[in-house]
Amino acid sequence: MSLIEQVTDKPWERKGVIGGLSPEGTFKTQAERVALIFFLIIASVVFSLFMVSYYIRMELPDWEPLSEPAQLWFNTGLLVTSSILFQWARNIVVRNGKSNLYTSFFGAGIFAILFIAAQLVSWSYLQAGGFYLSSNPANAFYYLLTGLHALHLVGGLWFWSKSAIRLVSGGEPKDIRLSIELCTIYWHFLLLVWIVVFAVLSNT
Amino acid sequence: MAYVPLADQDQEMEMHHPHTWVEKYVFSQDHKVIGVQYGGLAVFTGIIGLALSLLFRLQLGFPESVDFVDPNFYYQAVTMHGMIMVVYFLTALFLGGFGNYMIPLMLGARDMVFPFLNMMSVWTFLISVVILMASFFVSGGPTGAGWTLYPPQTTMAGTPGHDAGIILMLVSLAVFVVAFTMGGLNYVVTILQYRCRGMTLMRMPLTVWGVFVATVLGLFAFPALLVACIMMMFDTLLGTSFFMPAVIEAGSPLDYEGGSPILFQHLFWFFGHPEVYIVALPAFGLVSDVLSVHARKNIFGYRMMVWAIIAIGGLSFIVWAHHMYVSGMNPYFGFFFATTTLIIAVPTALKVYNWIFTLWEGDIRLNSPMYFAIGFIFTFIHGGLTGLFLGNVVIDLPLSDTYFVVAHFHLVMGVSPILVLFAAIYHWFPKISGRMFNEKLAKVHFWLTFLGAYSVFLPLHYLGFLGVPRRYYALGNTDFIPLSAQDLNSTVTVAALIVAASQILFFVNIIGSLKWGKKADPNPWGAASLEWQTPDTPPVHGNWGDRLPTVYRWAYDYSVPGAAEDYIPQTVPENEVLAASNDNFETNKNPSPAAI
Amino acid sequence: MTLAVVIFLLVVGSIIFHFASPWWFTDIASDWGSIDFTINVTFWVTGFVFVACNLFLAYCVWKFRHKEGHKAKYEPENAKLEAGLSIFTTLGVVAMLAPGLFVWATFVTPPSDALEYEVLGTQWQWQFRYPGADGLLGTADTGFVSESNPFGINPEDPNGQDDVVVNDPQMHLAINQPVKALLRSNDVLHNYTVPQFRVKMDLVPGLVSYLWFDPTKEGTYDIMCQELCGIGHFVMRGSVTVQSQEEFDTWLASQPTFSETQRPAPPDLSAGQAQYATCAACHGANGEGNRALNAPKIAGQQPWYIERQLNHFKQGARGGAGDTNGSQMTAFASMLTTDEAVRNISAYIATFPDTPAATTIAGDIDNGFDIYDRNCAACHLDNGSGTWYTDAPKLSGMSDWYFVTQISNFRAGIRGNHPYDDYGEQMVQMATAMGDLEEINDVAAYINTLR
């Protein structure tokens, strides 16, 4: 039954158990995954609102575009690598495999950490170049958006480290399968956000 | 990983049964305890909000003789009253309190999907309340910028609490958003994934629909508040100019340039308008259920009620700038927002019609919850209709920022939801506590609250028509305001004091009944929805004993022709309806194989 | 049963309240009758719905209250009824919205013959600017704001030179001349509201907003700020006088232009000194004041404040009934017949050394600080120096006993109630922050620590 059919159903007409063990309207997937999807929507709303504010603020006369450091291309590479490694790790656990799991899983986390470190380095370059947070709204948005993105990644790393501890302390791949699957989705999402943020920053 | 339906998970589900008193009542992961904690904390802040309102109402009513309210404190009290009532009281109470308590019970689940996250939510909420309250004790006191916190005023020297107070407010709001998000994810996922067998979307009681749509609104709207808070905090602490234009503070220019105060207003109201419905929709849901049960009749036009909730929720995201008609934004926006705003009146009106039609040809039991519910219809009609004035952009020109606005939103999102709140508390009290409350006292409480609140807010509309501005510490010498307006103000204050004092009856009733109330039936009102069918009253941890319930029908089978009882619980299969004619229904019937 | 009756009575009561209410829109003084028309349409449509719905509600509660043996009707929905009501409601909404949108279209497009004037909002006063002969207002920016240029008018802009600046919260308009108000703020949000004109709009720092109307009725109306703008929000008042074109022209001609305010004649200190001789008898040769003669210290006081007060004494805005000491000043101030004389004498007073006055008041300094910090500092500043920006005189180091008498006068309605004394009126309201003489003394004692 499609969603439209479900909410136009006349509930007083149909009696009895509908939908077997799980009622209509339930997503046939784990609750955690549904929660993650909702969280991603919320995070998208947060980033979108910042973007909208960015475009509105940009129209005002005191805006001086910031030329982003070229280093960001390198940083992007780090994040892409991290995402790819996570996808690899996910594919391994889904097949219930074990070989290369350590390489891919830990590699993903390490590259994410490297990305955050590289973002901090690019901040310090900007600071050294005199582009302070308060000197222009374009700078402020740069720090704000990259910082917020990094903060989301730190949140992801927290879940990553929980799985890492479990894995190191002898956990089976199937124990952390859901966690890795969800982390992978989250990583791809953050990569997408980063690409959008980067594109917006460098085109304005 | 394969998907496992809830019913199959149940046998192996690990329940975190509490072992110690602390685990049971303090760091509890039981949605019912958390609901009560959320509700209690919200009521506590609500009492503070109410007390603040009395203080500034005294000043407004008797400016000559009240000298303990100075202008500074007046603005602080007005601001904190507004913010506390809207966010920390109503939002937390309806979603955190009722949402938590009702969702798993009404859906036939054992608990929320993520009980630990749920516990974190309530404790984070506590932190946000503590931060908020801390602002009363810092130098300069709490912020007095108005609950809308409009920059640049908020952080400038002419505003009370412009240093520490506003920072604490922003931090507290940000923490609240985090708490709400943790809770909100829980409610949404629980409603989607943890419904028991047979509980289709359209079999959910309207309470759940209201909470569900309100939570989705909250999840999408609160980020706007968070974004606005973060950017304002940057402006204040780090010297950025997101919202701050070049301004002069007491004669000397501040180090800001070019920011847009109107951008803040857009962000704030992008949150602020859905916020109205975050409060209203759960109230709509709860009141629908109360009306239906006590009218012994199904809620009229259930589908329309669901669609209206969804439509109102959706529309609420495209009406926000009706709060900004006179803000100096591009005036051409007025056409769009006036139109969308008045469109929202249609689904809202339909809800009102359907509530009244639920009473039509009903068998109305005038129990005290029903009194409050019917009182709600009255105040909501009044408050809803005055919204049509303010939504219509030209009428907003003379009326905005006057007492008309104050009267309108207090009726529609203050008095009306609070009447629902009382209806709901009285209605579910027997289930929650296992005891009956004192019906007589509840009715006295109703009369004082209902008549008192109406006599507070009806006159205020007329002050607004006259043009008396809101947020004025004193009216001073003004030619167009007759002296009688001050008399009216004094009357209003007296009425407000009576309303406030009568709430003591409520607390006496609730607390007294907890101890001395007579034991309640498991289902004293004869309600059909699932929460009344629990094996224990009050429900214990895990809610449903050995087996999860199975649902065979919608939640509104009242006075069904042919059935002996005037209600059929959702757990009763069709073939047992006639068989059970002479006995009361047993609660939590095991499904008979034939019915599956 | 009772409930049904009460709802019925509430409906009747609301109707009676409406018709008995003396509180209703002020008589309109602009040509925005179309707004009133829209309000009336909305009022009658919503009024009908209010009465109809609630009477029906009361009827249902009465008619279908529980009776033994009665059973409710099972009726899940009635699609026809619901559709009908949707259409009915939509029609009602359209009936209200359509006129509203037409009127709004008029509001957003000011007529081309509307004369422009500027409203400047600052914490917490109104100021106004009219274009000069060229019909154009000069550009302005907060960067140019100073005591002599409170509007921040660009001194390089030729269009701004002949702008007429009104540094008072009292403005005038000519009757039947459509005007477009350009709204500007130098600090926070304000809102320019005259209830009789029906229209209002926020003043937003960083941009110019507008509204327009055509004043159609002579008279003087209150201007109120209706957007919370800080602690002084409720005292941010002004007035607008609508008068005949001739009277308006005369008034406008009497106001200074921007360039005039920028090049005031240099004060004649020796003339000021000569005239000060009269003052010295009481206020002392160096303006140090004399408690025995009830003459406050004036040395160190802000010059614009001294000028304003002298003018108030001249105009009778101070020193009226109840103010015995003030009335003595009236005679002396009247000796300064011209504005130059007033300016000369204040310039001469400004040359005095500023030695703090002796303290004569004791009180609870902590309580004084609490009151001062919360309510007074916003205008008089933390150090009590006062500032032209908020029209607040210096308090620190001045005669504390004088502070106490003046606050008492404000509290007693002796000072600040004269229509010319807009700034005093603000103090009448703000002085309520001090509940009694003891608290006034506390604040005075605290101010004594600020030196």
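Scanning segment C:329-351 for residues that are in contact (Cβ under 8 Å) with a residue 40 or more places away in the chain and either under 29 Å from the mean Cα position of the chain (by Cα) or surrounded by fewer than 21 Cβ atoms within 10 Å (Cβ to Cβ) (or both) turns up C:PHE332, C:MET335, C:GLU340, C:ALA341, C:ARG343, C:SER346, C:ALA347, C:ALA350, C:THR351.
Residues in segment B:545-558 that are part of a loop (DSSP other than H, G, I, E, B) and either in contact with a Gly (Cβ under 8 Å, 6 or more places away or on another chain) or facing chain A (nearest Cβ under 9 Å) (or both): B:LEU548, B:PRO549, B:VAL551, B:TYR552, B:ARG553, B:TRP554, B:ALA555, B:TYR556, B:ASP557.
What is the residue count in segment B:323-333 for residues that are under 28 Å from the mean Cα position of the chain (by Cα) and within 7 Å of chain C (Cβ to nearest Cβ)? If you could, list the steps in order and put the result at the bottom.
Of segment B:323-333, the ones under 28 Å from the mean Cα position of the chain (by Cα) are B:323-327.
Checking which are within 7 Å of chain C (Cβ to nearest Cβ) leaves us with B:326-327.
Looking only at that region, the number is 2.
Just to be sure, is A:VAL34 surrounded by 14 or more Cβ atoms within 10 Å (Cβ to Cβ) and either over 15 Å from B:ARG203 (Cα atoms) or among the aromatic types (Phe, Trp, Tyr) (or both)?
Numbers: surrounded by 14 or more Cβ atoms within 10 Å (Cβ to Cβ): yes; either over 15 Å from B:ARG203 (Cα atoms) or among the aromatic types (Phe, Trp, Tyr) (or both): yes.
Spelling it out, A:VAL34 is indeed surrounded by 14 or more Cβ atoms within 10 Å (Cβ to Cβ) and either over 15 Å from B:ARG203 (Cα atoms) or among the aromatic types (Phe, Trp, Tyr) (or both).
Out of segment C:109-145, which residues are more than 14 Å from C:MET171 (Cα to Cα), touching a Gly at 6+ places or on another chain (Cβ under 9 Å) and not in a strand (DSSP E or B)? Full working, then the answer.
Step one: filter segment C:109-145 for residues more than 14 Å from C:MET171 (Cα to Cα), giving C:109-115, C:122-124, C:132-145.
Adding the requirement that they be touching a Gly at 6+ places or on another chain (Cβ under 9 Å) leaves C:115, C:123-124, C:132, C:136-145.
C:GLN123, C:TRP124, C:GLY132, C:LEU136, C:LEU137, C:GLY138, C:THR139, C:ASP141, C:THR142, C:GLY143, C:PHE144, C:VAL145 - these are the residues of segment C:109-145 that are more than 14 Å from C:MET171 (Cα to Cα), touching a Gly at 6+ places or on another chain (Cβ under 9 Å) and not in a strand (DSSP E or B).
Please give the number of the condition B:THR493 fails out of (1) more than 14 Å from chain C (Cβ to nearest Cβ); (2) surrounded by fewer than 19 Cβ atoms within 10 Å (Cβ to Cβ). Of the numbered conditions (1) more than 14 Å from chain C (Cβ to nearest Cβ); (2) surrounded by fewer than 19 Cβ atoms within 10 Å (Cβ to Cβ), the odd one out for B:THR493 is (2). With respect to the conditions (1) in contact with an Asp or Glu (Cβ under 8 Å, 6 or more places away or on another chain); (2) crowded, with 18+ Cβ neighbours inside 10 Å, A:SER202 lacks only one, and its number is (2). Among the residues of segment A:1-36, those that are touching a residue at least 12 places away in the same chain (Cβ under 8 Å) and either touching a His at 6+ places or on another chain (Cβ under 6 Å) or within 30 Å of A:LEU151 (Cα to Cα) (or both) comprise A:GLN30, A:GLU32, A:ARG33, A:LEU36. Is one or more of the residues making up segment C:327-334 in contact with a Lys or Arg (Cβ under 7 Å, 6 or more places away or on another chain) and among the polar types (S, T, N, Q)? The answer is yes; a qualifying residue exists. Might you let me know whether segment B:195-202 holds any residue that is over 30 Å from C:GLU147 (Cα atoms), more than 10 Å from every other protein chain (Cβ to nearest Cβ) and touching a Gly at 6+ places or on another chain (Cβ under 8 Å)? No, segment B:195-202 contains no residue that is over 30 Å from C:GLU147 (Cα atoms), more than 10 Å from every other protein chain (Cβ to nearest Cβ) and touching a Gly at 6+ places or on another chain (Cβ under 8 Å). Among the residues of segment B:536-573, those identified as more than 30 Å from B:HIS17 (Cα to Cα) and among the hydroxyl-bearing types (Ser, Thr, Tyr) are B:TYR556, B:TYR558, B:SER559, B:TYR567.
A:VAL168 falls short on exactly one of the conditions (1) more than 13 Å from every other protein chain (Cβ to nearest Cβ); (2) closer than 19 Å to A:THR81 by Cα, and that condition is (2).
Cβ-Cβ distances below 7 Å connect the following pairs, each with a first residue in segment C:119-134 that is assigned by TED's automatic domain parsing to the domain that holds C:THR241, a second residue that is part of a loop (DSSP other than H, G, I, E, B) and among the aromatic types (Phe, Trp, Tyr), and a separation of six or more residues or different chains: C:LEU120/C:PHE151; C:GLN127/C:PHE151; C:ARG129/C:PHE151.
Just one of the numbered conditions (1) modelled with pLDDT of 95 or more; (2) within 12 Å of another protein chain (Cβ to nearest Cβ) is not true of B:GLY108: (1). The single condition from (1) farther than 30 Å from B:GLY184 by Cα; (2) within 14 Å of chain B (Cβ to nearest Cβ); (3) of a type in the set (S, T, N, Q) that A:SER53 fails is (1). Scanning segment C:222-243 for residues that are among the hydroxyl-bearing types (Ser, Thr, Tyr) and at pLDDT 95 or above turns up just one, C:THR241. Looking at segment A:1-111, the helices (runs of 4 or more DSSP H) lying wholly inside it that each contain 1 or more residues that are modelled with pLDDT of 85 or more and closer than 24 Å to A:ALA140 by Cα sit at A:31-58, A:71-94. What do you reckon, is B:THR207 polar (S, T, N, Q) and away from chain C (no Cβ under 12 Å)? Judged against the criteria, B:THR207 is a match.
Which residue is farthest from B:ASN543 (Cα to Cα), if the candidates are limited to segment B:198-218 and must be surrounded by fewer than 23 Cβ atoms within 10 Å (Cβ to Cβ) and modelled with pLDDT under 95? By that ranking, first place goes to B:MET202. Within segment C:276-315, the set of residues being in contact with a Leu (Cβ under 8 Å, 6 or more places away or on another chain) and buried (at least 19 other Cβ atoms within 10 Å of the Cβ) comprises C:LEU310, C:LYS314. For the subset of segment A:112-133 comprising residues that are part of a loop (DSSP other than H, G, I, E, B) and surrounded by fewer than 17 Cβ atoms within 10 Å (Cβ to Cβ), which member is farthest from the other protein chains (Cβ to nearest Cβ)? The qualifying residue farthest from the other protein chains (Cβ to nearest Cβ) is A:GLY129. Here is the figure for segment B:454-485: residues that are at the interface with chain C (Cβ under 7 Å from one of its Cβ atoms), part of a helix (DSSP H, G or I), under 21 Å from B:HIS408 (Cα atoms) and of a type outside the set (A, V, I, L, M) total 3. May I ask you to verify whether B:MET233 is farther than 28 Å from A:ARG33 by Cβ and more than 8 Å from every other protein chain (Cβ to nearest Cβ)? It is true that B:MET233 is farther than 28 Å from A:ARG33 by Cβ and more than 8 Å from every other protein chain (Cβ to nearest Cβ).
Can you find a residue that is of a type in the set (Ser, Thr, Tyr), in the same structural domain as C:GLN226 (by TED's automatic domain parsing), surrounded by 17 or more Cβ atoms within 10 Å (Cβ to Cβ) and within 30 Å of B:ALA338 (Cβ to Cβ) anywhere in segment C:168-185?
Step one: of segment C:168-185, the residues of a type in the set (Ser, Thr, Tyr) are C:185.
Keeping just the survivors that are in the same structural domain as C:GLN226 (by TED's automatic domain parsing) gives C:185.
Going one step further and asking which of them are surrounded by 17 or more Cβ atoms within 10 Å (Cβ to Cβ), we end up with C:185.
Narrowing the set further to residues that are within 30 Å of B:ALA338 (Cβ to Cβ) leaves C:185.
Taking every residue of segment C:168-185 in turn, at least one turns out to be of a type in the set (Ser, Thr, Tyr), in the same structural domain as C:GLN226 (by TED's automatic domain parsing), surrounded by 17 or more Cβ atoms within 10 Å (Cβ to Cβ) and within 30 Å of B:ALA338 (Cβ to Cβ).
Just so you know, in segment C:144-183 the residues that are in contact with a strand residue (DSSP E or B) (Cβ under 6 Å, 6 or more places away or on another chain) and among the charged types (D, E, K, R) include one that is modelled with the highest pLDDT, and it is C:LYS180. Considering C:ASN409, C:ASN383, C:ASN375, C:ASN448, the condition of being more than 13 Å from every other protein chain (Cβ to nearest Cβ) and under 27 Å from the mean Cα position of the chain (by Cα) is satisfied by C:ASN409 alone.
Can you find, within segment C:28-45, the residue that is farthest from the chain's Cα centre (by Cα) among those that are touching a residue at least 24 places away in the same chain (Cβ under 8 Å) and within 9 Å of chain B (Cβ to nearest Cβ)? Here the answer is C:VAL45.
The values are calculated or read from the model by the stated rules, or taken from the named source; none is laboratory data. As the structure is a computational prediction, the values presented were derived from the model and not from experiment. No Cβ is skipped: glycine too gets one built from the backbone with ideal geometry, and neighbour counts run over all protein chains shown.
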